[in-house]
Amino acid sequence: MFHGESFGLEALGWMATAFIFLLGALLIFIIGVYISDVTQTRQAIRRNYPVIGHFRYFFEHMGTFFRQYFFAMDREEMPFNRAQRSWVYRAAKDIDNTVAFGSTRDLRPGGTIIFVNCSFPTLGEDAVAPQPVSFGAGFCEKPYTTASILNISGMSYGAISKPAVLALSYGAKKSGSWMNTGEGGLSPYHLEGGADIVFQIGTAKYGVRDENGILSDDKLREIAAHEQVKMFEVKMSQGAKPGKGGILPGGKVNEEIAKIRGIPAGEDSISPNRHPEIKGSSDLLGMIQHIREVTGKPVGFKAVVGDKNLLIDLCKTIKMLGDDYAPDFITVDSADGGTGAAPASLIDYVGLPIRESLPMVIDTLDEYGLRDRVKVIASGKMIVPAEVAWALCVGADFVVSARGFMFALGCIQALQCNQNTCPTGITTHSKKLQRGLNSELKSFRVHNYIKNLEYEVGVIAHSCGVRSPRQLNRSHARLVQENGHSVSLKELFPDKSPLTNSISIE
């Protein structure tokens, strides 16, 4: 036998002996702890569960560390939660401090919404499909009429991927819903599915700007020439980032997206925080009227409501200029809204929640006799039937959602929308990650989502005793207070006009 082999065998023998010695010592130690535990009387856990009872204190200590990484939600810990610590860490490292998707703060305190069922609900054979509503009838050349209740909110091509846009376009077409382009311009993928399109004009005028970034009438006419483009929406502000323009990281701005937007490829696409030429209500109404004259199609605006005085001033200006200048619709966005990337301070702390802003807008339009002229679209975290039914009760004509449709596409809320690493292929331009998103299959999921949501909104309406969802009003919903009692929305927000959801059914 070689000397090396002999040494190796001896080493193995020493290791085996050491292991047996340590095992024996551990066994003796455990026996000692066992005897100590069963004979002591100070701690019941140790006496009833000798040896393993000690792990309770170990896990209790370690839980302090594990909770913050694995178990506690972003806003649960005290005195400082994960969201607060994360902001400080990232700010101290001078790295990107935007967050994705939506706020993790509870922005809707104050109770649960319940619906008031009646003793004699609507029979199935008496039910009526949602009634059509018209935008711009009598005020533009090509008004738009649709019966859809739930529609796809603005998600730009660039913020979301090509297969995601295609799936949404085909799904919206199957369902008879419209699709908002978002502020990133009109891509061929928006058009491919054949859905009705609402073209959004953001503060950077992507898709309708000239070489100097100014709104171009020629580009407006070019977009309006598409039969699928039914309306134009001037984006004033967005729920998750009021006071901040759109943010598309340079890693997402490829050559195609740059061409559609009219910007350099590979550079961050940062929109101004407002339209520079709009300094007040009269400027806003003037732009709306101009776009309507150029395109011949309905025009409205999207805004986060923060101050009722703005609404009052807007309505007074409309009454002074005439109904021809009124927007054909207002999309009420709220602090509940989401986005691909936004500063945490805005996404968490700026803007009114939809529960406060939507009734405010409806009531102000009522006060000035404009509710029939101006349609209202509600936006902000309403992705299930009860939330949509609530919006209809308050007086909204339509509801739009972005994140609801992202879930329909398979979003797992990985919160990587702003990093181009979305694992489900929805908000990334990585071809490898996009492979998992089958546009044709997902389009059916989009269609099913709309179909089933609108069906269940109808179920709620029938339980309340009305024949169609758009007949819901504030007497049909109540808010449960902290004391356990509920109060009717009609009491909280008294209707000021009989026009609110006053759709007659023949």
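Read the figures in this text as sums done on the coordinates, not as results from a lab. No experiment lies behind these values; they were computed from the predicted model shown. Cβ atoms come from the backbone with ideal geometry, glycine included; neighbour counts cover every protein chain shown.
Tabulated data
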| read-out | value |
| --- | --- |
| Partner lysines for Lys297 [C-alpha distance under 26 Å; skip if fewer than 8 residues away on the same chain] | Lys142, Lys173, Lys174, Lys205, Lys219, Lys230, Lys235, Lys259, Lys279, Lys316, Lys319, Lys375 |
| Protection proxy ranking, peptides 141-153, 272-284, average beta carbon neighbours within 10 Å, highest first | 141-153, 272-284 |
| Gain upon complete extension [Phe21, Leu415; 0.36 nm per residue less C-alpha separation] | 136.7 nm |
| Sorted by Cβ density within 10 Å, fewest first, the residues Ser357, Ser187 | Ser187, Ser357 |
| Estimated inter-spin distance, Lys259 and Glu211, nm [label 7 Å along Cα→Cβ] | 1.9 |
| Charge sum, other residues only, whose C-beta stays under 13 Å from Ile312's C-beta, Lys/Arg counted +1 and Asp/Glu -1 | -2 |
| For segment 248-290 and segment 140-184, distance of Cα centres in Å | 19 |
| Local net charge near Ser148, Cβ-Cβ under 9 Å (Lys/Arg +1, Asp/Glu -1) | -2 |
| Mean Cβ neighbour count within 10 Å, used as a protection proxy, ranking 406-417, 33-44 highest first | 406-417, 33-44 |
| Asp328 long-range amide H proximity, modeled H, under 5 Å | Val299, Gly300 |
| Extension gain, Tyr455 back to His54 (0.36 nm per residue minus Cα-Cα distance, nm) | 138.8 nm |
| Amide H contacts of Val229 (H built 1.01 Å from N, under 5 Å, at least 5 apart or other chain) | Ile197 |
| Packing rank of 160-166, 371-377, where each peptide gets the mean count of other beta carbons within 10 Å, highest leading | 160-166, 371-377 |
